[in-house]
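A.B. asks: Would you mind keeping the following structure in view while I ask a few things?
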Number of protein chains: 2
Amino acid sequence: MSITMDPITHRQNETDMDNARKRTSVHVEKLTWFLYNGRDKWLQKHKIEQVLSKDPIFDKTRRPFETRTERFNSGARITNRIFELQESLGWTEEETSIAEFIIGEPLPISLHNTAFSPVLLTLSSRSLLSSNSLSLLTKHHGIHGAYLQTELGHGTNVSSLETTATYLPSTKEFDLHSPTLSSTKWWVGALGKTATHGVVQAKLILPGGRDMGPHLFLVQLRSLEDHKLLPGITTGDVGPKAFGGYAPTDNGFARFNHVRIPKRQMLSKFADVTDEGKYVKPPHAKLNYSGMVYIRAGLVSNCAWLMAKAATISIRYATVRRQGTKGPDGLEVPIINYPSVYVRLLPILSRAYVFLELARNMTTSYNAMSNRLSSGDTSLVAELHATTSGLKILGTTHCIQDLETARRSMGGHGYSAFSGLANLYADYVPSVTFEGENYVLDQQTVRAALKAFRDITSGNTPLSSLQPSNHYLRLLVSEQIPPIINPISLTTDPATLILLLEWRAAALVKDLASMLKRNSAATGSDGSTPQSVEDATVYQRVSKAVTEAFIAGQLGKMLQDLDLESNPKGRRLKEDQKLGEKELRMIKKLYTLYLLSTIESSLADFLAFDLLRMSDADNSTSDAVFILRRTIAEICSELLPEAIGLTDAFGFSDWELNSALGRYDGRVYQTLWEKAQMEPLNQKEVPDAYEESIKPMLLRGRRQAMSVARGAKL
Amino acid sequence: MSITMDPITHRQNETDMDNARKRTSVHVEKLTWFLYNGRDKWLQKHKIEQVLSKDPIFDKTRRPFETRTERFNSGARITNRIFELQESLGWTEEETSIAEFIIGEPLPISLHNTAFSPVLLTLSSRSLLSSNSLSLLTKHHGIHGAYLQTELGHGTNVSSLETTATYLPSTKEFDLHSPTLSSTKWWVGALGKTATHGVVQAKLILPGGRDMGPHLFLVQLRSLEDHKLLPGITTGDVGPKAFGGYAPTDNGFARFNHVRIPKRQMLSKFADVTDEGKYVKPPHAKLNYSGMVYIRAGLVSNCAWLMAKAATISIRYATVRRQGTKGPDGLEVPIINYPSVYVRLLPILSRAYVFLELARNMTTSYNAMSNRLSSGDTSLVAELHATTSGLKILGTTHCIQDLETARRSMGGHGYSAFSGLANLYADYVPSVTFEGENYVLDQQTVRAALKAFRDITSGNTPLSSLQPSNHYLRLLVSEQIPPIINPISLTTDPATLILLLEWRAAALVKDLASMLKRNSAATGSDGSTPQSVEDATVYQRVSKAVTEAFIAGQLGKMLQDLDLESNPKGRRLKEDQKLGEKELRMIKKLYTLYLLSTIESSLADFLAFDLLRMSDADNSTSDAVFILRRTIAEICSELLPEAIGLTDAFGFSDWELNSALGRYDGRVYQTLWEKAQMEPLNQKEVPDAYEESIKPMLLRGRRQAMSVARGAKL
């Protein structure tokens, strides 16, 4: 029996949301155009969403009830339908990827697009790409690829991979083999059940047993006739993932039992083997970076939109959820009004605004780098590699944390799968470990910072050579001293906050450099790796400080750009789409809140280096800390009346958010009720478990109780 | 086709684990007896586990593959089997709850045991309990109860619940009703499909419409004949939970449509209604606390064991996972050897040791309180209420965070459901919001601290009246000054660390009190709630500081007790079970590490109040911070060779942990391989999705590619 009762409608939620929306004074649409980089882009997304949201194949409401296998099946169905629509509606590549993004499912096809395809197209020889129309098949998804790097025993450290590709001059073939259990390819997206082809990282072994280290090889995995595995190849799914995450993707394993592939299937654009088995060296080794930069730029953009979702859902829920003290109207207070709630949620909102702009800047920089690269100019690669590493760490760390903070801020109902946040956490939490484990990336960021520090302080490099990523180092060679903060102007003086974040990075890098110097003097080691550092978490802190200084610098420029937006020279938006004074003021407030909460969250750094000095001479350190926190609460309370408008501006539809608690109209209780009715357990009044287990338990209990009762009566 | 390939065995993992175990110098069994409070207790658990682990009904390996409904069904099966075994093996209540604990499934029966049963037995009238053998049926699970408090619209704030129980003098009945959608009972464990009875929180409405606020009523929900819902009652499951957590429990909803219950079903031990409808007041209102104290003591113990699991799994994995730099043996370094890894994991280990002891102390205190209460002495209630609130917040917060830290430390493989940690996070993350939302509890802890502060500084209360929960306040009325730290003895001088934590609590409470005084002088408000506090997160920080000072004080006593253990006056363990010198030294190191890392994690507090002063006069603040962190790394590296022994001591079997990565023998790759073969998707070589979706996509792609290729050739 399904429950059919029609619940009593409860209008308070809707009234609360209406009123909150009326309080908003910003022009929401203009903010939306700003966030989407123009009205055209926004309309493009909106149009695609109209198509998707009407198509039952993209229905999101059944997802929480589907098994892993059903999620995999519907993922395949979604993928097929996307390409059907691409063809019938004539979508461009860009429009297709917008569709994939809005659907929000981790699909196996994304591994084909972001890993297999770029690696194959960039690193294959011309002849391989043209044979059998390989590049066209790849582009049009006539084959489905996987990128086989990680093994059971090795991940980030590519040089230790164990899979071998032994060259056999007699037949001009490679023998691809998995010699050990730990050499089994593992975690590879789309490898388990979907992929027909793979690019495999394997140690190239030349005649005589010479090990040339990891190289890439194209391997067909499954028959294009019937999708059966080709001889010598074993693949499968690695099983369910933490929190039920990434369910539609068949992260898989593969083992190769002496699989022969023709020599031309080595991806030989840069490194090759002659027919006789001689190695031909790659001309330069660093070109791979540009792909990583591209993927990381995409990750930062994803993270920014996730923060936006976290902020939208939690702020909407907190606006209609009433709890605690009763106000003059006899109603309890909406929880968004509690300082302890809004000082948790508004910084997430501010981060979303900041990271959306940062992601856009990164895309612009990536395009500039690509343009230069195409004419052989690698001058921008190092800088972009450094900044994207740092932003990837900070972006993924924040976004994962913000999703949980937002979910938990919703109390009990936040634990419902219908909140729409837990599934995002489940799908995105691995981003803190993939595409360069954050800890490994930390080291890269810090090494680049130390190198720049040594260059600049040795006097060998002019100040003018400083890049945005290490611009803060100028402070160490100038006559400046750290700024004294005027408590009165803390909310209106982002320049000082930016300077503080730069000083903190400078202080931490300088301190680390001298610590490493002391160490190497004492131990003779070069002190370049954290293993030899006594303070084991220092790299993480320095990397964070350096990246936050970079972001602060970028924010300074973004604030300048905002002033341009408001006058006729503003360069990005068309005249009628330009932000008004009010919207500009709000965005500046959001940026300032970002700066303030960034400082607050690393307070120990600022205090350790005595960087939090207020102009009032009487102030003790604890007073300075108090003033900083009070200022955060103040700026939050100023943003509060605009919070609903500022989240509406992200332009999420209810269909896209798929959250009972983040409903646009505030009808959260009605929606929780309706969604609960879909639960499979509710389709029967008496559950199947009753006859088998519950009844025997109750009967036993009754028998025991009666026997005791009789005993007692005797 | 299932994959049958026999993978090549890889022995390195096992060798690594063997060697690590050989390096351990502590007497693991003695530590186990210590942690379990005696060899008898340990053997009792072990014996029960032997029974469970051989019974296929308790098999844990299929859980990751089961649907929500299957998890519910197997949960019911497990419950029935537990009571079958209880009867056939003659288990005591204690042994039965040990069995439930080891099984580790969140079962609906636990709500009967921890909520329904104590509330019913404590608050019902004698006549209700004896009618129809109600208390015996409750005790023997002849009925299954749920505790219906939370509603869609209200949780913690009981006074705003909307469900009504209107007394009808004409028939001597209550009319139980759900007047609005938001009054629907929601989230109630076991309510959806299992419970036959419920205790319902509802507003008592007396004749004339007088609203007496929330009271408790017993209601039968389902027929004991066929488990069908009784007239006027609608129940159902609220749907899936975040991260797939709590799957076996049917957290449910209920609506009452003018359901009549006889007057004696009001739980009237303390508050009652006369036949005519007059209210009879409860004698005193605070007795409920003791139940909360008991539940919280249980939560802290759970949390401690979860920290122990997090430490065991992650430390074992890190011991056999090799990555990065190659050592002299040609093998990469085990990741546990990286400072950045062990300074994340060993503090978790130390917290587990500390919280296991704290939980035991709480149980002792709870028993003392119960004894006094039974003779009407309520003198211990307030103190235990205060300390358990704080410990509940700190314990749940740490344990949830530690589970994720441990999982993420395992990199890519940590994202496998087979890691055995994600499911624990999914099941336990709601503990930060239930049994008193941590934020609400923070306020209670802080209010108690402020009251004690005012009492003691006003001079009206003697120092001797200070309880363990506010013993740190003595510092504010003595002539003492904060200690100067000798960097040399940081690792061997826990007394100074304890004093530092106490000074920090004293400084924060004093600071908050004067801030509130300023506020109330300025605004006229009494400043007792955080709404009126400009620094919105201050309550959280103060609560943490106060609880950590309490724990520090307890640790001081625990360290004294350890000295007793080693000499003949040791009072807890039998002579032959006593810890030796080595084990005592290790436990002291673990406690010291706990103290150091607690200070480090709240560094901003210590710096803001200038509490981190080292005896070397030249030291700057940043040097003091550096020395503190170096000391943590040092003590971690001293503990490192014993880490496997210290985790083995928790006494988890592979069956109990159910983790591919936390295997006792280190065979992690073999186990990941074997578990992956169980994945349902792997039971067919070609997935079902191929014909329906993958094939059409590939064919379309090939057609498009060919058409472009032909076009290109023209």
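A.B. asks: Amide H to amide H under 5 Å from A:TYR246: which residues, 5+ apart in sequence or cross-chain, H placed 1.01 Å off N in plane?
C.D. replies: Close amide H contacts, sequence-distant or interchain: A:ASP427.
A.B. asks: Still on this structure, I have one more. Before anything else, pin down the relative contact order of the stretch A:50-175: Cα pairs under 8 Å, at least 6 apart, normalised by residue count, whole percent.
C.D. replies: On the way: 68 pairs, mean separation 18.7, N = 126.
It rounds to 15 percent for the stretch A:50-175.
A.B. asks: Averaging over all projection directions, find the projected area of the Cα convex hull of the stretch B:290-648 and quote it in nm² with one decimal place.
C.D. replies: On the way: hull surface 87.8 nm².
Average of the hull's projected areas for the stretch B:290-648 equals 21.9 nm².
A.B. asks: Interface size between chain A and chain B, please: total buried accessible area, 1.4 Å probe, rounded to the nearest 100 Å². Write out the running numbers ahead of the final one.
C.D. replies: On the way: alone 33450 and 33460 Å², together 53900 Å².
Separately minus together, A and B give about 13000 Å² buried.
A.B. asks: When the helix-only estimate is applied to the protein assembly as shown (DSSP H runs of n ≥ 4, each -39,500 (n - 2.57), divided by the residue count), what is the mean residue ellipticity at 222 nm, nearest 500 deg cm²/dmol?
C.D. replies: Only helices count here, giving -16500 deg cm²/dmol.
A.B. asks: Additional query: Could you put B:ILE57, A:ILE315 in order of accessible surface area, largest first, with the 1.4 Å probe and the full protein assembly present? Could you put the intermediate results ahead of the total?
C.D. replies: Values: B:ILE57 60, A:ILE315 0 Å².
Per-residue accessible area, sorted high to low, gives B:ILE57, A:ILE315.
A.B. asks: Ignoring any ligand, DNA or RNA, what whole percent of the accessible area of the protein assembly as shown comes from carbon and sulfur when the probe is 1.4 angstrom? Numbers along the way, then the final one.
C.D. replies: Details: 28510 of 53900 Å².
Carbon and sulfur together cover 53 percent of it.
A.B. asks: Here is a follow-up. Could you run the Karplus curve 6.51 cos²θ - 1.76 cosθ + 1.60 with θ = phi - 60° over the stretch A:631-648 and give me ³J(HN,Hα) per residue in whole Hz, x for Gly and Pro?
C.D. replies: 5, 4, 4, 5, 5, 4, 5, 5, 6, 3, x, 9, 4, 5, x, 5, 7, 3
A.B. asks: Given a 1.4 Å probe and heavy atoms of the protein chains only, how would you sort B:GLU638, B:GLU95, A:GLU479, A:GLU583, largest accessible area at the top?
C.D. replies: Details: B:GLU638 75, B:GLU95 40, A:GLU479 175, A:GLU583 10 Å².
If we order B:GLU638, B:GLU95, A:GLU479, A:GLU583 from most to least accessible, we get A:GLU479, B:GLU638, B:GLU95, A:GLU583.
A.B. asks: Out of the trypsin sites (Lys or Arg not before Pro) in the stretch A:223-323, which ones are loop residues according to DSSP with at most 15 other C-beta atoms within 10 Å?
C.D. replies: On the way: sites: A:LYS228, A:LYS241, A:ARG255, A:ARG260, A:LYS263, A:ARG264, A:LYS269, A:LYS278, A:LYS286, A:ARG296, A:LYS309, A:ARG316, A:ARG321, A:ARG322; in loops: A:LYS228, A:LYS269, A:LYS278, A:ARG321.
Filter output for the stretch A:223-323: A:LYS228, A:LYS278.
A.B. asks: Just the accessible area per residue of the stretch B:142-283, please: how many Å² with a 1.4 Å probe? List each step's numbers first, then the result.
C.D. replies: Numbers: 4470 Å² over 142 residues.
Solvent-accessible surface per residue comes out at 31 Å².
A.B. asks: Still on this model: What is the count of Lys pairs in the stretch A:290-648 whose alpha carbons sit under 17 Å apart, if the two are 8 or more places apart or on different chains?
C.D. replies: Number of lysine pairs found: 10.
A.B. asks: I'd like the accessible area for B:TYR428: 1.4 Å probe, protein heavy atoms, all chains in place, Å² to the nearest 10.
C.D. replies: 60 Å²
A.B. asks: Take B:SER379, A:SER478 and sort them by solvent-accessible surface of the protein heavy atoms, 1.4 Å probe, largest at the top. Each step should come with its number before you reach the end.
C.D. replies: Numbers: B:SER379 70, A:SER478 40 Å².
From most exposed to least exposed: B:SER379, A:SER478.
A.B. asks: So, one more: When DSSP beta bridges are limited to those with both residues in the protein assembly as shown, what percentage is antiparallel, rounded to the nearest 5? List each step's numbers first, then the result.
C.D. replies: On the way: 66 of 82 bridges.
Counting DSSP beta bridges with both partners in the protein assembly as shown, the antiparallel share is about 80 percent.
A.B. asks: Could you tell me which of rounded, prolate or oblate describes chain B, using a ≥ b ≥ c as the square roots of the eigenvalues of the alpha-carbon gyration tensor, with rounded for a/c under 1.5 and, failing that, prolate when a/b is larger than b/c and oblate otherwise?
C.D. replies: Numbers: a/c = 1.59, a/b = 1.07, b/c = 1.48.
Judged from the Cα gyration tensor, chain B comes out oblate (a/c at least 1.5, b/c at or above a/b).
A.B. asks: Might you tell me the accessible area per residue for the stretch A:310-371, computed with a 1.4 Å probe and given in Å²?
C.D. replies: 29 Å²
A.B. asks: Mind checking Rg over Rh on the stretch B:328-458, alpha carbons, Kirkwood formula for Rh? Before the final figure, lay out the partial values.
C.D. replies: Numbers: Rg = 20.1 Å, Rh = 17.8 Å.
We get a ratio of 1.13 for the stretch B:328-458.
A.B. asks: Given a 1.4 Å probe and the protein chains all in place, what does the accessible area of A:GLU93 round to, in Å² to the nearest 10?
C.D. replies: 120 Å²
A.B. asks: Another question, then. Can you bin the protein assembly as shown into rounded, prolate or oblate? Criterion: square roots of the alpha carbon gyration tensor eigenvalues sorted a ≥ b ≥ c, rounded for a/c under 1.5, prolate for a/b above b/c, oblate for the rest.
C.D. replies: Note, shape of the protein assembly as shown comes out rounded.
A.B. asks: For an R0 of 35 angstrom, estimate the FRET efficiency from the Cβ-Cβ distance between B:SER520 and A:LYS557 and round to the nearest 0.05. Don't jump to the answer; show the numbers that get you there.
C.D. replies: Numbers: r = 45 Å, r/R0 = 1.28.
Efficiency at R0 = 35 Å is approximately 0.20.
A.B. asks: Looking at the protein assembly as shown, which Cys residues are left with no other cysteine's beta carbon under 4.7 Å from theirs?
C.D. replies: A:CYS636, B:CYS636
A.B. asks: Does the stretch B:19-111 come out rounded, prolate or oblate, given a ≥ b ≥ c as the square roots of the eigenvalues of its C-alpha gyration tensor, rounded meaning a/c under 1.5 and, failing that, prolate meaning a/b above b/c? Numbers along the way, then the final one.
C.D. replies: On the way: a/c = 2.68, a/b = 1.56, b/c = 1.72.
Cα axes put the stretch B:19-111 in the oblate bin.
A.B. asks: Considering the alpha-carbon set of the stretch A:261-395 alone, what are its Rg and its Dmax in angstrom?
C.D. replies: Both quantities, over Cα of the stretch A:261-395: 24.7, 89 Å.
A.B. asks: Next up: At a threshold of 8 angstrom on Cα-Cα distance, excluding pairs fewer than six apart, so keeping six or more, what relative contact order does chain B reach in percent?
C.D. replies: On the way: 1044 pairs, mean separation 120.5, N = 714.
For chain B, the relative contact order is 17 percent.
A.B. asks: For B:ASP616, place a label point 7 Å from Cα along the Cα-to-Cβ direction in every copy; what are the distances to the other copies, in nm, shortest first?
C.D. replies: Those separations, rounded to one decimal, come out as 3.6 nm.
A.B. asks: Which of the lysines could be linked to B:LYS269 by a straight reach, that is with a Cα gap under 25 Å, when you skip same-chain ones fewer than 8 residues away?
C.D. replies: Here the lysines satisfying the reach criterion relative to B:LYS269 are A:LYS713, B:LYS139, B:LYS172, B:LYS185, B:LYS203, B:LYS278, B:LYS281, B:LYS286.
A.B. asks: Charges only on Cβ, +1 for Lys and Arg, -1 for Asp and Glu: so what's the dipole of the stretch A:556-714 about the Cα centre, in debye to the nearest 20? Write out the running numbers ahead of the final one.
C.D. replies: Working: 23 positive and 26 negative charges, 210 e Å.
Its charge dipole is roughly 1000 debye.
A.B. asks: Do any residues of the stretch B:221-243 show a loss of at least 40 square angstrom of accessible area between the isolated chain and the full protein assembly, using a 1.4 Å probe, and if so which?
C.D. replies: Residues meeting the cut-off: B:LEU224, B:HIS227, B:THR234, B:ASP237, B:PRO240, B:ALA242, B:PHE243.
A.B. asks: Taking amide H positions as placed in the peptide plane 1.01 Å from N, state which residues far from B:MET614 in sequence (5 or more) or on other chains have amide H under 5 Å from it.
C.D. replies: B:ILE485
A.B. asks: Put one equal scatterer on each alpha carbon of the stretch A:640-714, apply the Debye formula with no solvent term, and list log10 I(q)/I(0) at q = 0.14, 0.16, 0.24, 0.28 1/Å to two decimals.
C.D. replies: Result of the Debye calculation: -0.68, -0.76, -1.06, -1.19.
A.B. asks: I would also like to ask the following. So the label point sits 7 Å from Cα along the Cα-to-Cβ vector; using that for A:SER601, what distances do you get to the other copies, in nanometres, sorted shortest first?
C.D. replies: From this label point to the equivalent ones elsewhere in the assembly: 1.8 nm.
A.B. asks: Given a cut-off of under 8 Å on Cα pairs at least six residues apart, what relative contact order in percent is computed for the stretch B:142-283? Walk me through the intermediate numbers first.
C.D. replies: Numbers: 344 pairs, mean separation 38.1, N = 142.
Here the relative contact order equals 27 percent.
A.B. asks: Using alpha carbons only, how many angstrom separate the centre of the stretch B:571-623 from the centre of the stretch B:634-685?
C.D. replies: Centre-to-centre (Cα) distance: 30 Å.
A.B. asks: Can I ask one more? Threshold 20 Å², probe 1.4 Å: give the residues of the stretch A:411-430, in number order, that are less accessible with all protein chains present than with their chain alone.
C.D. replies: A:GLY411, A:GLY412, A:HIS413, A:TYR415, A:SER416, A:ALA417, A:PHE418, A:ALA422, A:TYR425, A:VAL429, A:PRO430
The values are calculated or read from the model by the stated rules, or taken from the named source; none is laboratory data. All values derive from a computational prediction rather than experimental measurement. Note: ideal-geometry Cβ built from the backbone for every residue, glycine included; neighbour counts use all protein chains shown. Each accessible area value is taken on the protein alone, full model and side chains, heavy atoms only, with ligands, DNA and RNA left out. Shrake-Rupley method; radii C 1.70, N 1.55, O 1.52, S 1.80 Å.
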